[in-house]
Amino acid sequence: GADYGFMIIPSWGYTSVNVAVQGTASGTIKVGSHSRDFSMGEEVKIKGQQWGLGDLIVQPLWLDWRGKRYDVAFSYAATLPTGAYDKDKVANVGMGFFSQRLQAATYFYPFENKTTAFMFTPTYEWNSKKIDTDIHPGQTMTIEYGLSQYVHPRVEIGLTGYNQWQITDDSGSAATDKAKDAISGVGAQIVYWAIKDRCSLTAKVSQEYAGRDRLEGLFESLNFVWIF
């Protein structure tokens, strides 16, 4: 009784990293291949940026069950490391490893016309070893949630949020850091259907917070979707 879908998502991205550290004692900071010694009270800045082809997402399994007041979807997807990545660079567009994910998405519509929706989506991911280094990133769990509202038959606006936790340790001979990553974000998006139920543009921005053992910043995306 489910609808079936197949999705391919190529991407082009820009990443900018700007790290500023002020030492409470003397020490060394290392980001990518950049290593700087600093003394107590000294501020050290490390910058990097990169444009390029991003990782390719292929989703061969996408099942969607639809009711009068809900949609429930289940999917499997793989992220292929096609994006630009160099372990010695501060900023990378690609992640540098192969990743797989299982995702369940639930949409609840409080009104029969389905112009308002509440969304809740858990995602579980596991990864391969990183390119050119003996680090196997740990598995992660992500919870996404949001509220959307159609303000016009072709325009949808929404508030979004997410929380992500690394749930297993990194492994491999180069995995010296045993802290588990975490990040959260909150933002907004707008969807415009250039051709109703066929072609859409989605602009989204999220401000990250509560980062642990990783960088946090501003994430922006512009997605073009064509439904065959």
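The values are calculated or read from the model by the stated rules, or taken from the named source; none is laboratory data. Computed from a predicted model, the values in this text were never measured in an experiment. Cβ coordinates were reconstructed from backbone atoms using ideal geometry, including for glycine residues, and neighbour counts include every protein chain displayed. Areas reflect the complete protein model, heavy atoms only, side chains present, ligands, DNA and RNA absent. Shrake-Rupley method; radii C 1.70, N 1.55, O 1.52, S 1.80 Å.
Residues of the stretch 149-168 that are open to solvent by 70 Å² or more (accessible area, probe 1.4 Å) and in a loop (DSSP other than H, G, I, E, B): Pro153, Arg154, Ile167. Which one is surrounded by the most Cβ atoms within 10 Å (Cβ to Cβ) among residues in the stretch 52-93 that are part of a loop (DSSP other than H, G, I, E, B) and of a type in the set (D, E, K, R)? Among those residues, the one meeting the criterion is Asp55. Any chance the stretch 189-196 includes a residue that's β-branched (Val, Ile, Thr), touching a strand residue (DSSP E or B) at 6+ places or on another chain (Cβ under 6 Å) and either in contact (Cβ under 8 Å) with a residue 24 or more places away in the chain or open to solvent by less than 60 Å² (accessible area, probe 1.4 Å) (or both)? Within the stretch 189-196, one or more residues are β-branched (Val, Ile, Thr), touching a strand residue (DSSP E or B) at 6+ places or on another chain (Cβ under 6 Å) and either in contact (Cβ under 8 Å) with a residue 24 or more places away in the chain or open to solvent by less than 60 Å² (accessible area, probe 1.4 Å) (or both).
Within the stretch 94-119, can you find the residues that are outside any strand (DSSP E or B) and not small (Gly, Ala, Ser)? Across the stretch 94-119, the qualifying residues are Met95, Phe97, Phe98, Tyr109, Pro110, Phe111, Glu112, Asn113, Lys114, Thr115. Of all residues in the stretch 34-51, one or more are under 24 Å from Ile9 (Cβ atoms) and open to solvent by less than 50 Å² (accessible area, probe 1.4 Å). Taking residues in the stretch 38-51 that are touching a residue at least 12 places away in the same chain (Cβ under 8 Å), and partners anywhere that are part of a strand (DSSP E or B) and loosely packed, with under 13 Cβ neighbours inside 10 Å, the pairs with Cβ atoms closer than 6 Å and at least 6 places apart or on different chains are Glu43/Gln22; Lys45/Ala20; Trp51/Tyr14.
Among the residues of the stretch 1-15, the ones that are of a type outside the set (Asp, Glu), over 25 Å from the mean Cα position of the chain (by Cα) and open to solvent by 60 Å² or more (accessible area, probe 1.4 Å) come to 1 in all. Scanning the stretch 120-148 for residues that are open to solvent by 50 Å² or more (accessible area, probe 1.4 Å), assigned to a strand (DSSP E or B), closer than 25 Å to Ala73 by Cβ and not aromatic (Phe, Trp, Tyr) yields Met141, Glu144, Leu147. Return the residue satisfying two criteria in turn: it lies in the stretch 16-33 and is open to solvent by 60 Å² or more (accessible area, probe 1.4 Å) and not in a strand (DSSP E or B), and of such residues it is modelled with the lowest pLDDT. Per the stated criteria, the residue is Ser33.
If you take the residues in the stretch 197-224 that are of a type in the set (Gly, Ala, Ser) and not in a loop (DSSP other than H, G, I, E, B), which one is most open to solvent (accessible area, probe 1.4 Å)? Among those that are of a type in the set (Gly, Ala, Ser) and not in a loop (DSSP other than H, G, I, E, B), it is Ala210.
Could you say whether any residue in the stretch 170-180 is of a type in the set (A, V, I, L, M) and touching a Lys or Arg at 6+ places or on another chain (Cβ under 9 Å)? There is at least one residue in the stretch 170-180 that is of a type in the set (A, V, I, L, M) and touching a Lys or Arg at 6+ places or on another chain (Cβ under 9 Å).
Selection of the stretch 191-228 for residues being of a type in the set (A, V, I, L, M, F, W, C) and within 30 Å of Gly48 (Cα to Cα) yields Leu201, Ala203, Val205, Ala210, Leu215, Leu218, Phe219, Leu222, Phe224. Quick check on the stretch 173-187. Is at least one of its residues free of Cβ contacts under 8 Å to residues at least 24 places away in the same chain, in a loop (DSSP other than H, G, I, E, B), more than 27 Å from Asp71 (Cβ to Cβ) and out of contact with any Phe, Trp or Tyr (no Cβ under 6 Å at 6 or more places or on another chain)? Within the stretch 173-187 (the criterion being free of Cβ contacts under 8 Å to residues at least 24 places away in the same chain, in a loop (DSSP other than H, G, I, E, B), more than 27 Å from Asp71 (Cβ to Cβ) and out of contact with any Phe, Trp or Tyr (no Cβ under 6 Å at 6 or more places or on another chain)), the answer is yes, since at least one residue qualifies.
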